[in-house]
Amino acid sequence: YLQALKCERWATHSMPTTWKTGVPLFSIYLQRDQRTNDRSSRTESIVVVVTFHGKLRIIMEYTLYKDREEWADVSPIPQDDGPNPACPIAYSLEYSDVMDYFRAVLNASELSERSLRLTTDALEMNPANYTVWHFRRCVIKALEIDLQEEIEYISEIIQENIKNYQVWYHRRAIIELLGDGSSELEFTASILEDDAKNYHAWQHRQWAITRFGLVSTNDGRAAAITYTDQLLQEDVR
(Lines give C-alpha, C1' and ligand atoms only; values in the text may rest on other atoms or scores of the structure.)
Protein backbone atom coordinates (compact mmCIF):
# COMPACT_ATOMS: atom_id res chain seq x y z
CA TYR A 1 0.00 0.00 0.00
CA LEU A 2 2.78 2.42 0.89
CA GLN A 3 4.61 1.62 -2.34
CA ALA A 4 1.46 2.56 -4.25
CA LEU A 5 1.31 5.86 -2.39
CA LYS A 6 4.91 6.63 -3.29
CA CYS A 7 4.08 6.13 -6.96
CA GLU A 8 1.46 8.84 -6.59
CA ARG A 9 4.05 11.27 -5.22
CA TRP A 10 3.20 10.94 -1.55
CA ALA A 11 6.22 11.84 0.58
CA THR A 12 6.87 10.41 4.03
CA HIS A 13 6.92 13.35 6.41
CA SER A 14 7.86 11.48 9.55
CA MET A 15 8.05 7.97 10.94
CA PRO A 16 8.33 8.31 14.72
CA THR A 17 8.21 5.34 17.06
CA THR A 18 6.25 5.46 20.29
CA TRP A 19 6.56 3.12 23.24
CA LYS A 20 3.59 3.93 25.43
CA THR A 21 0.53 1.78 26.05
CA GLY A 22 -2.43 2.95 24.03
CA VAL A 23 -0.42 5.17 21.69
CA PRO A 24 0.24 3.92 18.15
CA LEU A 25 3.29 1.67 17.85
CA PHE A 26 4.29 3.73 14.88
CA SER A 27 2.65 5.98 12.36
CA ILE A 28 3.62 7.31 9.00
CA TYR A 29 2.51 10.77 8.03
CA LEU A 30 2.50 11.41 4.30
CA GLN A 31 1.98 14.64 2.41
CA ARG A 32 1.88 15.88 -1.12
CA ASP A 33 1.13 19.23 -2.67
CA GLN A 34 -1.79 19.10 -5.05
CA ARG A 35 -2.41 21.79 -7.67
CA THR A 36 -6.01 22.95 -7.82
CA ASN A 37 -7.91 24.31 -10.81
CA ASP A 38 -6.99 27.88 -9.95
CA ARG A 39 -3.30 26.85 -9.95
CA SER A 40 -2.99 27.35 -6.23
CA SER A 41 -1.45 24.63 -4.09
CA ARG A 42 -3.03 22.71 -1.26
CA THR A 43 -1.61 19.97 0.92
CA GLU A 44 -3.23 16.57 1.05
CA SER A 45 -2.38 14.25 3.89
CA ILE A 46 -2.72 10.61 4.85
CA VAL A 47 -1.89 9.02 8.18
CA VAL A 48 -1.14 5.31 8.34
CA VAL A 49 -1.27 4.05 11.93
CA VAL A 50 -0.23 0.63 13.22
CA THR A 51 -1.27 -0.10 16.81
CA PHE A 52 0.21 -2.48 19.37
CA HIS A 53 -2.58 -4.90 18.50
CA GLY A 54 -1.32 -5.05 14.92
CA LYS A 55 -4.27 -3.18 13.48
CA LEU A 56 -3.66 -1.03 10.43
CA ARG A 57 -5.63 2.18 10.24
CA ILE A 58 -5.53 4.52 7.29
CA ILE A 59 -6.89 7.99 7.90
CA MET A 60 -7.52 9.54 4.49
CA GLU A 61 -7.16 13.26 3.85
CA TYR A 62 -5.98 13.96 7.38
CA THR A 63 -4.92 17.54 8.04
CA LEU A 64 -2.91 18.58 11.06
CA TYR A 65 -4.80 20.88 13.41
CA LYS A 66 -2.17 23.57 12.95
CA ASP A 67 -3.14 23.65 9.28
CA ARG A 68 -6.90 23.77 9.85
CA GLU A 69 -8.55 27.13 9.28
CA GLU A 70 -11.19 26.64 11.98
CA TRP A 71 -8.42 26.29 14.58
CA ALA A 72 -6.45 29.36 13.51
CA ASP A 73 -7.68 31.29 16.57
CA VAL A 74 -6.22 28.73 19.00
CA SER A 75 -2.63 28.81 20.23
CA PRO A 76 -1.51 25.22 20.81
CA ILE A 77 0.17 24.36 24.09
CA PRO A 78 3.10 21.98 23.60
CA GLN A 79 3.92 19.34 26.17
CA ASP A 80 6.42 20.55 28.75
CA ASP A 81 8.62 17.74 30.06
CA GLY A 82 11.08 20.17 31.62
CA PRO A 83 14.58 21.09 30.43
CA ASN A 84 16.11 17.63 30.93
CA PRO A 85 13.49 14.87 30.67
CA ALA A 86 14.84 11.51 31.83
CA CYS A 87 13.12 9.49 29.13
CA PRO A 88 11.33 11.61 26.52
CA ILE A 89 8.70 9.83 24.46
CA ALA A 90 8.94 10.19 20.69
CA TYR A 91 5.30 10.98 20.03
CA SER A 92 4.12 10.89 16.44
CA LEU A 93 3.66 14.18 14.62
CA GLU A 94 -0.12 13.94 14.44
CA TYR A 95 -0.45 12.81 18.07
CA SER A 96 1.63 15.72 19.33
CA ASP A 97 -0.41 18.08 17.15
CA VAL A 98 -3.74 16.81 18.48
CA MET A 99 -2.60 16.90 22.09
CA ASP A 100 -1.13 20.41 21.76
CA TYR A 101 -4.56 21.67 20.70
CA PHE A 102 -6.31 19.54 23.30
CA ARG A 103 -4.24 21.16 26.04
CA ALA A 104 -5.27 24.54 24.64
CA VAL A 105 -9.02 23.88 24.76
CA LEU A 106 -8.67 22.17 28.15
CA ASN A 107 -6.83 25.20 29.52
CA ALA A 108 -9.50 27.52 28.10
CA SER A 109 -12.38 25.25 29.23
CA GLU A 110 -13.79 25.46 25.71
CA LEU A 111 -16.90 23.27 25.75
CA SER A 112 -17.74 23.35 22.05
CA GLU A 113 -18.59 21.13 19.11
CA ARG A 114 -15.08 21.43 17.75
CA SER A 115 -13.66 20.42 21.13
CA LEU A 116 -15.84 17.30 21.00
CA ARG A 117 -14.48 16.46 17.54
CA LEU A 118 -10.97 17.07 18.84
CA THR A 119 -11.47 14.55 21.65
CA THR A 120 -12.65 12.01 19.08
CA ASP A 121 -9.38 12.38 17.17
CA ALA A 122 -7.34 12.26 20.37
CA LEU A 123 -9.10 9.10 21.53
CA GLU A 124 -8.67 7.50 18.13
CA MET A 125 -4.93 7.77 18.70
CA ASN A 126 -4.94 6.98 22.42
CA PRO A 127 -8.18 5.58 23.87
CA ALA A 128 -6.54 5.18 27.29
CA ASN A 129 -6.17 8.92 27.96
CA TYR A 130 -8.43 9.46 30.97
CA THR A 131 -8.04 13.26 30.84
CA VAL A 132 -9.48 13.35 27.32
CA TRP A 133 -12.40 11.13 28.38
CA HIS A 134 -13.12 13.38 31.37
CA PHE A 135 -13.09 16.52 29.24
CA ARG A 136 -15.29 14.81 26.66
CA ARG A 137 -17.89 14.17 29.38
CA CYS A 138 -17.75 17.84 30.36
CA VAL A 139 -18.44 18.82 26.74
CA ILE A 140 -21.26 16.28 26.43
CA LYS A 141 -22.97 17.63 29.55
CA ALA A 142 -22.54 21.26 28.55
CA LEU A 143 -23.87 20.78 25.00
CA GLU A 144 -26.47 18.18 25.97
CA ILE A 145 -25.19 15.79 23.34
CA ASP A 146 -27.40 12.82 22.44
CA LEU A 147 -26.35 10.24 25.02
CA GLN A 148 -27.57 7.31 22.96
CA GLU A 149 -25.23 8.32 20.15
CA GLU A 150 -22.40 8.49 22.66
CA ILE A 151 -23.26 4.97 23.86
CA GLU A 152 -23.01 3.74 20.26
CA TYR A 153 -19.65 5.47 19.92
CA ILE A 154 -18.36 3.90 23.15
CA SER A 155 -19.55 0.47 22.03
CA GLU A 156 -17.35 0.72 18.94
CA ILE A 157 -14.36 1.83 21.01
CA ILE A 158 -14.83 -1.01 23.50
CA GLN A 159 -15.01 -3.59 20.71
CA GLU A 160 -11.48 -2.55 19.76
CA ASN A 161 -10.24 -1.95 23.32
CA ILE A 162 -12.09 -4.50 25.42
CA LYS A 163 -9.74 -4.22 28.42
CA ASN A 164 -9.46 -0.46 28.57
CA TYR A 165 -10.25 0.87 32.06
CA GLN A 166 -10.95 4.41 30.89
CA VAL A 167 -13.50 3.58 28.21
CA TRP A 168 -15.43 1.24 30.54
CA TYR A 169 -15.58 3.99 33.16
CA HIS A 170 -16.78 6.44 30.51
CA ARG A 171 -19.54 4.03 29.53
CA ARG A 172 -20.62 3.75 33.15
CA ALA A 173 -20.70 7.54 33.52
CA ILE A 174 -22.79 7.96 30.36
CA ILE A 175 -25.18 5.20 31.39
CA GLU A 176 -25.59 7.03 34.72
CA LEU A 177 -26.47 10.22 32.86
CA LEU A 178 -28.85 8.30 30.63
CA GLY A 179 -30.48 6.72 33.65
CA ASP A 180 -31.13 3.49 31.78
CA GLY A 181 -28.98 0.37 32.02
CA SER A 182 -31.36 -1.97 30.24
CA SER A 183 -28.97 -2.49 27.33
CA GLU A 184 -25.99 -3.47 29.47
CA LEU A 185 -26.77 -7.15 29.97
CA GLU A 186 -26.92 -7.73 26.24
CA PHE A 187 -23.87 -5.57 25.57
CA THR A 188 -21.67 -7.24 28.19
CA ALA A 189 -22.84 -10.65 26.99
CA SER A 190 -21.56 -9.78 23.50
CA ILE A 191 -18.15 -8.96 24.97
CA LEU A 192 -18.07 -12.07 27.17
CA GLU A 193 -18.93 -14.22 24.17
CA ASP A 194 -15.44 -13.55 22.84
CA ASP A 195 -13.68 -13.57 26.21
CA ALA A 196 -15.63 -15.01 29.14
CA LYS A 197 -12.81 -13.99 31.51
CA ASN A 198 -12.96 -10.29 30.73
CA TYR A 199 -13.28 -8.91 34.26
CA HIS A 200 -13.96 -5.39 32.92
CA ALA A 201 -17.16 -6.69 31.34
CA TRP A 202 -18.08 -8.68 34.46
CA GLN A 203 -17.48 -5.70 36.73
CA HIS A 204 -19.60 -3.46 34.51
CA ARG A 205 -22.32 -6.13 34.31
CA GLN A 206 -22.43 -6.47 38.11
CA TRP A 207 -22.56 -2.70 38.51
CA ALA A 208 -25.46 -2.37 36.05
CA ILE A 209 -27.39 -5.19 37.74
CA THR A 210 -26.98 -3.57 41.15
CA ARG A 211 -27.49 0.03 40.03
CA PHE A 212 -30.62 -0.57 37.94
CA GLY A 213 -32.05 -3.72 39.55
CA LEU A 214 -31.83 -5.61 36.27
CA VAL A 215 -32.42 -9.02 37.86
CA SER A 216 -34.76 -7.98 40.67
CA THR A 217 -37.50 -10.44 39.67
CA ASN A 218 -37.43 -14.19 40.15
CA ASP A 219 -37.32 -14.73 36.40
CA GLY A 220 -34.47 -12.23 36.09
CA ARG A 221 -32.40 -13.93 38.78
CA ALA A 222 -33.06 -17.34 37.26
CA ALA A 223 -31.92 -16.08 33.85
CA ALA A 224 -28.75 -14.60 35.35
CA ILE A 225 -27.89 -17.89 37.07
CA THR A 226 -28.62 -19.88 33.92
CA TYR A 227 -26.36 -17.57 31.90
CA THR A 228 -23.50 -17.93 34.39
CA ASP A 229 -23.92 -21.71 34.59
CA GLN A 230 -23.70 -21.93 30.82
CA LEU A 231 -20.39 -20.05 30.77
CA LEU A 232 -19.02 -22.23 33.57
CA GLN A 233 -19.93 -25.37 31.64
CA GLU A 234 -18.13 -24.03 28.58
CA ASP A 235 -14.99 -23.20 30.56
CA VAL A 236 -14.83 -24.04 34.25
CA ARG A 237 -11.21 -22.90 34.70
### Task
Those residues that are in contact with a helix residue (DSSP H, G or I) (Cβ under 6 Å, 6 or more places away or on another chain) and farther than 17 Å from residue 77 by Cβ, I need them from the range 114-124; list them, please.
116, 123
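Just checking, which of 143, 111 is surrounded by fewer than 14 Cβ atoms within 10 Å (Cβ to Cβ) and touching a helix residue (DSSP H, G or I) at 6+ places or on another chain (Cβ under 8 Å)?
143 is the lone residue from the list that is surrounded by fewer than 14 Cβ atoms within 10 Å (Cβ to Cβ) and touching a helix residue (DSSP H, G or I) at 6+ places or on another chain (Cβ under 8 Å).
Restrict the check to the range 219-235 and report whether at least one residue is within 27 Å of residue 119 (Cβ to Cβ) and of a type in the set (Gly, Ala, Ser).
Our first condition is that a residue be within 27 Å of residue 119 (Cβ to Cβ); within the range 219-235, this holds for none.
Scanning the range 219-235 turns up no residue that is within 27 Å of residue 119 (Cβ to Cβ) and of a type in the set (Gly, Ala, Ser).
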### Query
Consider residue 158 against the criteria (1) modelled with pLDDT under 95; (2) farther than 29 Å from residue 177 by Cα; (3) touching a helix residue (DSSP H, G or I) at 6+ places or on another chain (Cβ under 6 Å): it satisfies all of them except one. Which criterion is unmet?
(2)
### Query
So which pairs qualify, if the first residue must be in the range 165-190 and within 16 Å of residue 223 (Cα to Cα), the second must be part of a helix (DSSP H, G or I) and aromatic (Phe, Trp, Tyr), the Cβ gap must be under 9 Å, and the two must be at least 6 apart or on different chains?
182/212; 184/207; 184/212; 185/227; 188/202; 189/227
### Task
Taking only the range 161-215 into account, find how many residues are part of a helix (DSSP H, G or I), polar (S, T, N, Q) and open to solvent by less than 30 Å² (accessible area, probe 1.4 Å).
1
### Task
Starting from the range 208-237, take each residue that is touching a residue at least 40 places away in the same chain (Cβ under 8 Å) and list its partners that are not charged (D, E, K, R), counting only C-beta distances under 7 angstrom and pairs at least six apart or across chains.
none
### Query
Among the helices (runs of 4 or more DSSP H) contained in the range 52-154, which hold 3 or more residues that are farther than 22 Å from residue 168 by Cα and either at pLDDT 95 or above or in contact with a Lys or Arg (Cβ under 7 Å, 6 or more places away or on another chain) (or both)?
93-108
### Task
Identify, by number, the condition in (1) within 30 Å of residue 214 (Cα to Cα); (2) open to solvent by 70 Å² or more (accessible area, probe 1.4 Å) that residue 124 doesn't meet.
(1)
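The values are calculated or read from the model by the stated rules, or taken from the named source; none is laboratory data. On a predicted model such as this, the values are computed, not experimentally measured, just so you know. Don't worry about glycine lacking a Cβ; one is built from the backbone with ideal geometry, like all the others, and counts go over all protein chains shown. When the accessible area is computed, the model is the full protein with side chains, heavy atoms only, and any ligands, DNA or RNA have been set aside. Shrake-Rupley method; radii C 1.70, N 1.55, O 1.52, S 1.80 Å.
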